1. Only residues that are surrounded by 18 or more Cβ atoms within 10 Å (Cβ to Cβ) and either of a type in the set (D, E, K, R) or farther than 26 Å from S31 by Cβ (or both): list them for the range 352-366, please.
2. For A278, state whether it is surrounded by 14 or more Cβ atoms within 10 Å (Cβ to Cβ), over 27 Å from I79 (Cβ atoms), free of Cβ contacts under 8 Å to residues at least 40 places away in the same chain and of a type in the set (G, A, S).
3. Name, by its number, the condition in (1) in a helix (DSSP H, G or I); (2) under 28 Å from M61 (Cα atoms); (3) open to solvent by less than 70 Å² (accessible area, probe 1.4 Å); (4) touching a Lys or Arg at 6+ places or on another chain (Cβ under 8 Å) that does not hold for L242.
4. Out of S271, S182, S253, S289, which single residue is in contact (Cβ under 8 Å) with a residue 12 or more places away in the chain, over 15 Å from L50 (Cα atoms) and of a type in the set (G, A, S)?
5. Report, ordered by the first and then the second residue, all pairs with beta carbons closer than 6 Å, sequence separation of six or more or different chains, a first member in the range 90-111 that is closer than 13 Å to I328 by Cα and of a type in the set (V, I, T), and a second member that is assigned to a helix (DSSP H, G or I) and open to solvent by 20 Å² or more (accessible area, probe 1.4 Å).
6. Within the range 36-142, which helices (runs of 4 or more DSSP H) (wholly inside it) include 1 or more residues that are among the acidic types (D, E) and open to solvent by 40 Å² or more (accessible area, probe 1.4 Å)?
7. Restricting the search to the range 292-351, which residues are of a type in the set (D, E, K, R), open to solvent by 40 Å² or more (accessible area, probe 1.4 Å) and part of a helix (DSSP H, G or I)?
8. Taking the conditions exactly as written (touching a residue at least 12 places away in the same chain (Cβ under 8 Å), among the acidic types (D, E) and open to solvent by 40 Å² or more (accessible area, probe 1.4 Å)), does D174 satisfy them or not?
Amino acid sequence: VRAFALLLGIVFHASLSFFPIFIGWAVMDISTSPVITKFVLISHSFRMELFFLMAGFFSHMTFHRKGAGSFMQSRFVRILIPFMLGWFILKPLIISGWIMGSESMRGEANVLNGLLEGFRSLGQLPKEMFVGSHLWFLYYLLMITGIVLGVRALVRSNNWLYASATRVADRMVDCIAKSRCSWLALSLPTAACLWFMSSWGMDTPDQSLVPNAPVLIVYGGFFGLGWLLHRQQDLIEQFARLSVGRFVIYIISVGVTIALSAYQTDMGHPSIALIKAAFVVSYAIMMWSLVCIVIGLFKRFFDKPGKTVRYIADASYWLYLIHLPVVIWLQIAFAELPWHWSLKLVSVSGLTVGISLVLYDLLVRS
């Protein structure tokens, strides 16, 4: 499930050059489709939420299996170092991709010049340090992990408080997992957070180290739920159960969300506040239903050990860390080819995964 969330992120970024309107992405392909706008809207609504839920689930497992010291060390090695070191390596490559993409839309891209300009951008430090890359999720993962550990330490400091908090948390998660409508109820506080986003949908907080409170609350909520679900692992079966009703609600929420999203450019509409309110509710329902459905589908069809699945699961974190410069460069290479957008999207996504897997085998897996 975690690997799927990360691999979906690669396809998500690979699709952005095929938007039918220019959205400020590095490059715009000559072949575009309105299908991409719907794919981006739906996939962006749940992929990082799914990742943070699984991150909380596995964090609780690691914390109690290895102890606090080993857990903190693993967070340092697996999250903090990739965030800091990865930013210095990847940010210049991403900037070079933006430069080359801009040049390609005006004529020919100069690869060497793009690379040089990208690495020259490091000379502006400390201006905009650690921002402007897809590694923002590691920054939020560190913050949320710190908050959870801080709250846990505070609760553990008093035996009565710990017993009471544990009892309440376990009952709450038990209710969320077993109730057929709990995830619909969870959509309401999620929708309240979405209301305060700067855009319609989930914000991408990649331009500042100042925490985006609504984003932090949403991702923190999913992380915390994953942390608590691991305390009662049998509940995940019920939390992610598949049912006709859940699929019907998902389909309806997708249709409503897509229909209402068309109004986000019509801010002068007399009922725009009501339309946005309906949008954030339907978006939140779509988010929670997709998280539950995806976990349920993977529990149903990938619940047995398999070498290929295990390999992809191991490699997925690396793939997501390094994919963005590769995606942008490949988008530039394919932008002017007279191919259908779907063929280009498959090619860019497949080549990105293939190149990243080769680097994984050469540099990381051993």
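1. Step one: filter the range 352-366 for residues surrounded by 18 or more Cβ atoms within 10 Å (Cβ to Cβ), giving 352-353, 356, 360.
Within the range 352-366, Y360 is the sole residue that qualifies.
2. Working: surrounded by 14 or more Cβ atoms within 10 Å (Cβ to Cβ): yes; over 27 Å from I79 (Cβ atoms): yes; free of Cβ contacts under 8 Å to residues at least 40 places away in the same chain: yes; of a type in the set (G, A, S): yes.
Yes, satisfied.
3. (1)
4. On the way: S271 fails: in contact (Cβ under 8 Å) with a residue 12 or more places away in the chain; S182 fails: in contact (Cβ under 8 Å) with a residue 12 or more places away in the chain; S289 fails: over 15 Å from L50 (Cα atoms).
Unique residue meeting the criteria: S253.
5. I95/S121; I99/E117
6. Values: elements: 47-75, 81-106, 111-120.
The qualifying helices (runs of 4 or more DSSP H) are 111-120.
7. Going residue by residue through the range 292-351, those that are of a type in the set (D, E, K, R) are 299-300, 303-304, 307, 310, 314, 336, 344.
Right, trim to open to solvent by 40 Å² or more (accessible area, probe 1.4 Å) and you get 299-300, 303-304, 307, 310, 314, 336.
Matches in the range 292-351: K299, R300, K307, R310, D314.
8. Values: touching a residue at least 12 places away in the same chain (Cβ under 8 Å): yes; among the acidic types (D, E): yes; open to solvent by 40 Å² or more (accessible area, probe 1.4 Å): yes.
When the stated conditions are applied, D174 passes them.
The values are calculated or read from the model by the stated rules, or taken from the named source; none is laboratory data. Quantities reported herein were computed from a predicted structural model and do not represent experimental measurements. Positions of Cβ are backbone-derived with ideal geometry, glycine not excepted, and every protein chain shown enters the neighbour counts. Accessible surface areas use protein heavy atoms only, side chains included; no ligands, DNA or RNA. Shrake-Rupley method; radii C 1.70, N 1.55, O 1.52, S 1.80 Å.
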